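Visitor: Take this structure first; my questions come after.
Derivation of every value follows stated rules applied to the coordinates shown; laboratory data play no part. Note that the coordinates shown come from a computational prediction; the quantities given were computed from them, not determined experimentally.
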Amino acid sequence: MSVIGSLVFCTDCGNLLDGSTGNEKTILVCDVCGASCRDTSSKVVVTESKPTAFPSALRAKRSEVQMLTEADMETDAVIKQSCEKCGREEVRYYTQQLRSADEGSTVFYTCECGHKWNTNN
Ligand SMILES: [Zn+2]
Ligand SMILES: [Zn+2]
């Protein structure tokens with residue numbers, strides 16, 4: 001049995017329990033919560049799920065951050081468009097897909113004077 005394969009985790013709090021023998025009759029006491037857990041190392045396959053589950057969670061997190069960054073850049077975009085309220089010639093804008101992709105998108109303009117309007121493409 002490999003070292004990783006003999007890891008046993010507390011069924012109450014998930015703490016890693018030391019002293020696994022691979023014998024199901026052994027009772028392991030958790031250092032953290034004091035729960036008595038059976039030594040299930042011979043049955044539970046920790047090696048298969050652990051190493052793969054972790055990096056994919058990290059990948060998901062990273063792509064989430066990228067999406068947020070893109071959205072921020074979109075809201076900060078400036079376009080040459082005159083505001084009918086104050087005459088300013090550059091306003092912030094962002095586009096939003098309202099319904100399905102073939103129905104076009106709506107462009108929202110926001111001027112620093114507070115005037116807001118939108119156009120449908
Ligand atoms: Zn515990
Ligand atoms: Zn304005």
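Visitor: Would you grab the residues whose amide H sits under 5 Å from the one on Val91? Only those 5+ places off in sequence or on another chain, please, with H modelled 1.01 Å from N.
Guide: Ile79, Gln81
Visitor: Once the mean 1/r over all distinct Cα pairs of the range 77-120 is inverted, what Kirkwood radius in angstroms do you read off?
Guide: Values: mean 1/r = 0.0918 Å⁻¹.
After inverting the mean inverse Cα-Cα distance, the result is 10.9 Å.
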